[in-house]
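Peer 1: Have a look at this one before I ask anything.
The values are calculated or read from the model by the stated rules, or taken from the named source; none is laboratory data. These numbers were taken from a predicted model, which means no experiment stands behind them. Positions of Cβ are backbone-derived with ideal geometry, glycine not excepted, and every protein chain shown enters the neighbour counts. Ligands, DNA and RNA are stripped out before the accessible areas are found, and what is left, the full protein with its side chains, is counted by its heavy atoms. Shrake-Rupley method; radii C 1.70, N 1.55, O 1.52, S 1.80 Å.
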Amino acid sequence: MISHQLVKSYRYIETILFPPNSRPYGLTFSQWIVEWWRWLLSIPKESNPAFDMSGSHVSEKQVNPNVWFLTGTFGGSVVRRCKIPLGKAILIPVINYECSFAEEQRVTTESELKLKCEKEIDDIKNLYFGIDELFLRDLSAYRTRSPLFDVDLGKNNILGVPECTTKMISDGYWIFVKPLRIGSHKLISSGSCRSGRIMIGTTYDLCVQ
């Protein structure tokens, strides 16, 4: 049985998150996912935040006036330390997956891309998300799918495909944190995919200033 204190923490963390059916800053979660992917894929691998082990590249191309994008990893766990401007909301995937025509040569339709993403995310286990000493007990409501969208893939992109413009779709679990108070915060997310064979975990030691 979950303790009274844990229930209190669970309820409190939801008050500092945007609900999945909301429209933070005028966009739906699905629309924000498209913006997140376009941001991430615009950054070459050598300076991409998803491959950053320390947090030194967290500020790359953070141009949105309201939202700061954070990333997970492409496998394994990492601890990142970084600063975030006061007043910025945070969009971060707990775990996510994308498919594009540039990567999937045998996939030719939107429905096939969607099905491949769904199968990968249906296999996710051990989801966790917490801020400071607060956590989400159930992340099922936070699964969000993107529409099919266009994305530009430049040289040395993180997908490892030739430079091109392609169509992509994404599925996964996303958390949208309202702007945090000034000071230090610890944000932890984790999960496993491929029936638990691949573990992904990210800890951010944030300084909001």
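Peer 1: Would you please list the contacts, defined by Cβ atoms under 6 Å and residues six or more apart or on different chains, that run from a residue in the stretch 175-204 that is more than 19 Å from residue 58 (Cα to Cα) and open to solvent by less than 10 Å² (accessible area, probe 1.4 Å) to a residue that is among the aliphatic types (A, V, I, L, M) and modelled with pLDDT of 95 or more?
Peer 2: 191/94
Peer 1: If residue 11 satisfies every condition in (1) at pLDDT 95 or above; (2) over 30 Å from residue 112 (Cα atoms) but one, which is the exception?
Peer 2: (1)
Peer 1: Out of the stretch 67-85, which residues are in a loop (DSSP other than H, G, I, E, B) and under 15 Å from the mean Cα position of the chain (by Cα)?
Peer 2: Correct list: 70, 71, 72, 73, 74, 75.
Peer 1: Give the stretch 160-174 a look and list any residue that's buried (at least 17 other Cβ atoms within 10 Å of the Cβ), farther than 28 Å from residue 208 by Cβ and of a type outside the set (Val, Ile, Thr), or say none.
Peer 2: Across the stretch 160-174, the qualifying residues are 168, 171.
Peer 1: Residues being more than 27 Å from residue 114 (Cβ to Cβ), among the polar types (S, T, N, Q) and at pLDDT 95 or above: count how many of those fall in the stretch 57-104.
Peer 2: Within the stretch 57-104, residues that are more than 27 Å from residue 114 (Cβ to Cβ), among the polar types (S, T, N, Q) and at pLDDT 95 or above number 3.
Peer 1: Could you tell me which of the residues 132, 123, 150 is of a type in the set (D, E, K, R) and at positive phi?
Peer 2: The conditions single out 132.
Peer 1: Oh, and also: Given 161, 151, which one is among the aliphatic types (A, V, I, L, M), in contact with a Leu (Cβ under 9 Å, 6 or more places away or on another chain) and closer than 18 Å to residue 32 by Cβ?
Peer 2: Selected residue: 151, the only one of 161, 151 that is among the aliphatic types (A, V, I, L, M), in contact with a Leu (Cβ under 9 Å, 6 or more places away or on another chain) and closer than 18 Å to residue 32 by Cβ.
Peer 1: Output the number of the condition that residue 146 fails; it satisfies all remaining conditions of (1) farther than 18 Å from residue 39 by Cα; (2) modelled with pLDDT of 95 or more; (3) of a type in the set (Ser, Thr, Tyr).
Peer 2: (1)
Peer 1: Kindly list, by first and then second residue, each pair from a residue in the stretch 72-85 that is of a type outside the set (A, V, I, L, M) to a residue that is loosely packed, with under 12 Cβ neighbours inside 10 Å, limited to pairs with Cβ atoms under 7 Å and residues at least 6 apart or on different chains.
Peer 2: Going by the 7 Å Cβ cut-off, the qualifying pairs are 80/54; 81/54; 83/209.
Peer 1: Checking the structure you have, find out if any residue of the stretch 87-99 is open to solvent by 30 Å² or more (accessible area, probe 1.4 Å) and charged (D, E, K, R).
Peer 2: yes
Peer 1: Looking only at the stretch 100-111, which residues are free of Cβ contacts under 8 Å to residues at least 60 places away in the same chain and open to solvent by less than 40 Å² (accessible area, probe 1.4 Å)?
Peer 2: Listed by number, the list holds a single entry, 107.
Peer 1: Which of the residues spanning the stretch 24-66 are assigned to a loop (DSSP other than H, G, I, E, B) and in contact (Cβ under 8 Å) with a residue 60 or more places away in the chain?
Peer 2: Selection gives 42, 43, 44, 48, 55.
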